[in-house]
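Since the structure comes first, as structure tokens, the remarks are kept for the end.
Laboratory data are not the source of any read-out in this text; all were calculated from the coordinates shown. The structure displayed is predicted, hence computed values, not measured ones. In this analysis, Cβ positions are derived from the backbone assuming ideal geometry, glycine residues included, and neighbour counts consider all displayed protein chains.
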Amino acid sequence: MKKRSLDTIDIRILDAIQKHGRLSKTRLAEMVNLSPTPCWVRLKKLKAAGLIRGYRSEIALDRIVDFTRVIVTVALSHHRKSDFDRFESRIRELNEVTECVSTGGGMDYVLTVFSPSLADFQQLMNSLLADDFGIERYMTYIVTRDIKSEPPDLVRLMSKSDA
């Protein structure tokens, strides 16, 4: 995919909304040191180019509900495209799985699963095993506390790729 060329103002706009979500025209303009109208025009162009996928809030879930978060690594028995497609299709259907990445190396996938309890998580895993998606092995890691969770530093990433 062709990468879009961005100038420093575009990068500052993307960085600001990545860190703070939706901002008023005036506040965003202040943060990127640009007058409001040109700032808003640039933001609209960035949206139209598909560089902004959406806006989200970070909810203090632990203050609302009890849950178990589990990181799961999965290795499939076979490495045919059809096996990967079938597994990935099923994972996309599961609301409990909030993130799934395909990896190289010893494991094929790393999943983040939110479940009401450890027993509910195990039921989910049992159903995946019973449905015969070709899971050769999986490892579970119970999350006990968050140490760091932030979006990547866009300004730093962009400056390193330009070097």
Item checked: Neighbour-count order for Val97, Val110, fewest beta carbons within 10 angstrom listed first -> Val110, Val97
Check: Which of Arg42, Arg86, Arg22, Arg145 comes first, and how do the rest follow, when ranked by fewest Cβ neighbours within 10 Å?
Finding: Arg145, Arg22, Arg86, Arg42
Check: Could you put Ile147, Ile13, Ile142, Ile135 in order, starting from the residue whose Cβ has the fewest other Cβ atoms within 10 Å?
Finding: Ile147, Ile142, Ile135, Ile13
Next item on the list: Compute the relative contact order of segment 31-163 as a whole-number percentage, counting only Cα pairs closer than 8 Å that sit 6 or more residues apart in sequence.
Entry: 30
Next item on the list: Would you mind checking Lys19/Lys44; Lys25/Lys148; Lys45/Lys81; Lys19/Lys81; Lys47/Lys81 for any pair whose Cα atoms are more than 25 angstrom apart?
Entry: Lys25/Lys148; Lys45/Lys81; Lys19/Lys81; Lys47/Lys81
Item checked: GNM flexibility winner over the chain from Gly104, Gly21, Gly54 (Cα, springs under 10 Å) -> Gly104
